[in-house]
Amino acid sequence: MANDAPTFEASSPSSALLNADLRNLARDLFDRFREMSFDGVGISRETYGLGETQAIEIIEKLGQDHGLETRWDAARNLIVRLEGRDPALPVVASGSHLDSVPQGGNFDGAAGVISSLLALLAANEKGQPLRSMELTVLRGEESAWYGGPCYFGSRAMFGLLTDSDLSSRHRVSGETLEHHMASCGVDLEPIKAARPLVTPDHFHCWIELHIEQGPVLIARQKPVGLVTGIRGNVRHRRVTCQGEAAHSGAVPRWLRHDAVLAMSELLMRIDEHWRILLEWGEDLVVTSGIVETNKDEHAVSRVPGEVTFALEYRSQDTKTLESFGNLIENECRQIGERRGVTFDLGEKVYTEPARMSENVVSMLRKAAETAGVPCEIMPSGAGHDSAIFANQGIPSAMVFVRNDKGSHNPHEAMEMEDFFAGAEVMARALSHAANDEGEIEA
Amino acid sequence: MSEKTSVAREAAELLLQEKVVYTRTGGDPFFFSSGWASPVFIDIKRLISRPESRARLLDLALERIEADVGRTSFDQIAGCELAGVPFASMVADRLSVPLVVALKQAKGFGRFAQCEGDFESGARTLLIDDVTTDGRTKTTFKRALERAEADVVGIFVLFAYNIFPGHAETIALTTLGDVIAVAENIGALDETARSALEAYTEDAATWSRKHGGIGKT
Ligand SMILES: [Zn+2]
């Protein structure tokens, strides 16, 4: 167990959905994924790349070996299906991604795919469920390879890929996403036409298990988290503050239009607003991760005439993002007037926040209770494919598994016991949903 | 001398007696935050530490407010962050009316983002600050209150330079002109200081420009 976290009373093997065979299968799978994708430092499975395809094929083969149906959609997402007694009913779906960042960890994505497979196999052993159950292995979740907004596989499913996505370039090969998708056998025709490959009413609900990428579960000493919402974000990659360059000794304060001081004031104002908004209970994080004065012009003895910087803010709440955006524009105007500078916020890239379904979360909470798994109700700071599902109106939720060293690095530290606790909770919830006639409200 | 003038002169005399009128005729002038250069600087907020003169100043301020605004024409007092707040508090307390604080900058969003306190929308509000130079900051506070849906019926300051262009409409208890007039009567300023102040009040923009400050708003 990580840290000095108290151990929890895991349900006895006899009552657990995930029996010893399934647990061994999961351990095997993690090992195989690690072996095939180890790059000397960490795990590398490129978005729409060969390693990703091979990892997905392992899941395909396993599904077939266990008598499940498999198929690839036009975007080359893999769907593994356990047919229900009434195949016409909307399906109970789960899944995650199998690509990784360069030199990433073995659990980010894979934990969700493997736990979904376990859930299908466990349900199958109990006899055919009422509703069909589907595992979807989504392609291209990580933004590391192409930059910009990612979730290519899930967005393609719902006809949401844009020309600018398709023409974005791979950071190593320099080829476009379209090129690499074609190499993986993607049928680009419906995708370019932004035609959905599946409609939201195909789904009864969607659940994704994922390792936690923050420190909350470690701090709260809980093995499992249930996610209430996924933060959206607004990104300005390049904000420019334009003042007036001047001699640092000769020009008095009131005649200066110092771009760096103006930017600093803006950032401190933003920080102050942020503090207040947290006091009011709003969900918000703000970051300015890049700040640059112009190398060709800047000097110790020169009042800076220009500075560029990045600005990113995230919230679970669309309204908060909107109001905060207005606030920033306002501050830019006021500080600009006062200091005789101009702020140009540049391009604004928006990723919508997503609310998880209260009903699916409460289903998971009940499953955790019966499985004897302590869990924490929490938001997700990082983005996930599940946001795309939720914003399609599909009742969705996520299960987080405690993980010690963050993600997107080779030191991800998920304890297998924690993984099985999370997988058990998800399997129970999925199995419950698959045998329930009632509809779920998003 | 009118009632109004005598009140203004009495306040000016108080400022001189309390030595919060500073002059500089040689070397670097004073610079206000707005960029104006000035040979005179009134640090009226020092008076909050002197209970007797503070009380006297307050008596005069209330007299002036009664005469120029009228007690029945406002529902509440607003103080400007920061130096306006103690004076506004004392006025509100003497009159037993509600008090709010108008902030320099908004904190967060919503109606009260730039105000502390609470009031009904449409509350008639008298805005109070210690000093005004060119009135620009008062506009900020007025906007802050209006954003909170207050009806700002007047702006009252204890001291106004009253010499800069672009001056917002305010009621001042006393002005630089009053200070100069009283100083002359009681011999409070030496000749150099007095003539510098006179030159300044005649054409503040030119004086400021000549001494390295801004020349217009
Ligand atoms: Zn992931």
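Annotations
- Of all the residues in segment B:100-128, those that are open to solvent by 40 Å² or more (accessible area, probe 1.4 Å), under 24 Å from the mean Cα position of the chain (by Cα) and of a type in the set (S, T, N, Q) number 1.
- Residue within segment A:337-356 that is over 30 Å from A:Thr162 (Cα atoms), of a type in the set (Lys, Arg), away from every other protein chain (no Cβ under 14 Å) and more than 22 Å from the chain's Cα centre (by Cα) present: no
- In segment A:1-41, the residue that is modelled with the lowest pLDDT out of those that are assigned to a helix (DSSP H, G or I) and open to solvent by less than 30 Å² (accessible area, probe 1.4 Å) is A:Ser37.
- Residue within segment A:113-135 that is buried (at least 24 other Cβ atoms within 10 Å of the Cβ), on the phi < 0 side of the Ramachandran plot and modelled with pLDDT under 95 present: no
- A:Gly249 passes every criterion in (1) out of contact with any strand residue (DSSP E or B) (no Cβ under 9 Å at 6 or more places or on another chain); (2) more than 17 Å from A:Thr320 (Cβ to Cβ); (3) surrounded by 12 or more Cβ atoms within 10 Å (Cβ to Cβ) apart from (3).
- Residues that are farther than 14 Å from A:Ile328 by Cβ, open to solvent by less than 70 Å² (accessible area, probe 1.4 Å) and more than 14 Å from chain B (Cβ to nearest Cβ) occur in segment A:261-269; there is at least one.
- Scope segment A:344-390; condition among the basic types (Lys, Arg) and closer than 23 Å to A:Phe324 by Cβ; matching residues: A:Lys348, A:Arg355
This table checks each residue for (1) at pLDDT 85 or above; (2) over 21 Å from B:Gly84 (Cβ atoms); (3) part of a loop (DSSP other than H, G, I, E, B); (4) open to solvent by less than 50 Å² (accessible area, probe 1.4 Å).
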residue: B:Lys4; (1), (2), (3), (4): no, yes, no, no
residue: B:Ala8; (1), (2), (3), (4): yes, no, no, yes
residue: B:Glu13; (1), (2), (3), (4): yes, yes, no, no
residue: B:Thr25; (1), (2), (3), (4): no, yes, yes, no
residue: B:Arg46; (1), (2), (3), (4): yes, no, no, no
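- Listed by first and then second residue, the pairs linking a residue in segment A:378-405 that is over 12 Å from A:Ile207 (Cβ atoms) to a residue that is among the hydroxyl-bearing types (Ser, Thr, Tyr) and in a strand (DSSP E or B), with Cβ atoms under 6 Å apart and 6 or more places separating them unless they lie on different chains, are A:Pro379/A:Thr228.
- Verdict on A:Gly225 being within 16 Å of the ligand (Cβ to nearest atom) and away from every other protein chain (no Cβ under 14 Å): yes
- All strands (runs of 3 or more DSSP E) inside segment A:57-119 with 1 or more residues being away from the ligand (no atom under 14 Å from the Cβ), over 16 Å from A:Leu430 (Cα atoms) and over 25 Å from the mean Cα position of the chain (by Cα): A:69-72
- Only one of the numbered conditions (1) touching a helix residue (DSSP H, G or I) at 6+ places or on another chain (Cβ under 8 Å); (2) free of Cβ contacts under 8 Å to residues at least 12 places away in the same chain is violated by B:Thr175, and that is (2).
- Scan of segment A:270-290 for residues that are among the β-branched types (Val, Ile, Thr) and within 14 Å of another protein chain (Cβ to nearest Cβ), ordered by number: A:Ile270, A:Ile276, A:Val286
- Screening segment A:388-413 for residues that are within 15 Å of the ligand (Cβ to nearest atom) and small (Gly, Ala, Ser) and picking the one that is nearest to the chain's Cα centre (by Cα) gives A:Ser407.
- When B:Glu146 is tested against the conditions (1) without any contact (Cβ under 8 Å) to a residue 24 or more places away in the chain; (2) touching a Gly at 6+ places or on another chain (Cβ under 7 Å), the lone failure is (2).
- Filtered residues of segment A:204-215 (kept if touching a Pro at 6+ places or on another chain (Cβ under 9 Å) and either away from the ligand (no atom under 16 Å from the Cβ) or more than 30 Å from A:Pro395 (Cβ to Cβ) (or both)): A:His204, A:Cys205
- Here A:Ala245 meets the list (1) in contact (Cβ under 8 Å) with a residue 60 or more places away in the chain; (2) within 24 Å of A:His97 (Cα to Cα); (3) out of contact with any His (no Cβ under 7 Å at 6 or more places or on another chain) almost entirely, failing just condition (2).
- Selection count, segment A:291-333, where residues are more than 15 Å from A:Asp344 (Cβ to Cβ), more than 14 Å from chain B (Cβ to nearest Cβ) and open to solvent by less than 10 Å² (accessible area, probe 1.4 Å): 1
- The residues on offer are A:Ala371, A:Ala390, and the sole one that is crowded, with 18+ Cβ neighbours inside 10 Å, more than 29 Å from A:Asp99 (Cα to Cα) and in the same structural domain as A:Gly147 (by TED's automatic domain parsing) is A:Ala371.
- The residue that is surrounded by the most Cβ atoms within 10 Å (Cβ to Cβ), among those in segment B:188-209 that are charged (D, E, K, R) and more than 14 Å from chain A (Cβ to nearest Cβ), is B:Arg194.
- Screening segment A:150-204 for helices (runs of 4 or more DSSP H) wholly inside it with 2 or more residues that are closer than 28 Å to A:Met356 by Cβ and at pLDDT 95 or above returns the ranges A:152-157.
- A:Glu244 being on the phi < 0 side of the Ramachandran plot and within 14 Å of chain B (Cβ to nearest Cβ): no
- Check on A:Ala382, closer than 28 Å to A:Ile276 by Cα, part of a helix (DSSP H, G or I) and within 16 Å of the ligand (Cβ to nearest atom): no
- Any hit, segment A:155-174, residues being within 14 Å of the ligand (Cβ to nearest atom) and under 20 Å from the mean Cα position of the chain (by Cα): no
Residue by residue, here is whether (1) within 26 Å of A:Glu439 (Cα to Cα); (2) open to solvent by 10 Å² or more (accessible area, probe 1.4 Å) holds:
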{"position": "A:Leu50", "(1), (2)": "no, yes"}
{"position": "A:Lys61", "(1), (2)": "no, yes"}
{"position": "A:Gly67", "(1), (2)": "no, yes"}
{"position": "A:Arg85", "(1), (2)": "yes, yes"}
{"position": "A:Val92", "(1), (2)": "yes, no"}
{"position": "A:Gly104", "(1), (2)": "no, no"}
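- Yes/no for A:Gly214 being part of a loop (DSSP other than H, G, I, E, B), modelled with pLDDT under 90 and not assigned by TED's automatic domain parsing to the domain that holds A:Ile328: yes
- Failed item in (1) within 16 Å of the ligand (Cβ to nearest atom); (2) of a type in the set (A, V, I, L, M, F, W, C); (3) open to solvent by 10 Å² or more (accessible area, probe 1.4 Å), with A:Phe152 passing the rest: (3)
The values are calculated or read from the model by the stated rules, or taken from the named source; none is laboratory data. None of these values were measured; they are calculated from a predicted model. Cβ atoms come from the backbone with ideal geometry, glycine included; neighbour counts cover every protein chain shown. Protein only, heavy atoms only, side chains kept; ligands, DNA and RNA dropped before computing areas. Shrake-Rupley method; radii C 1.70, N 1.55, O 1.52, S 1.80 Å.
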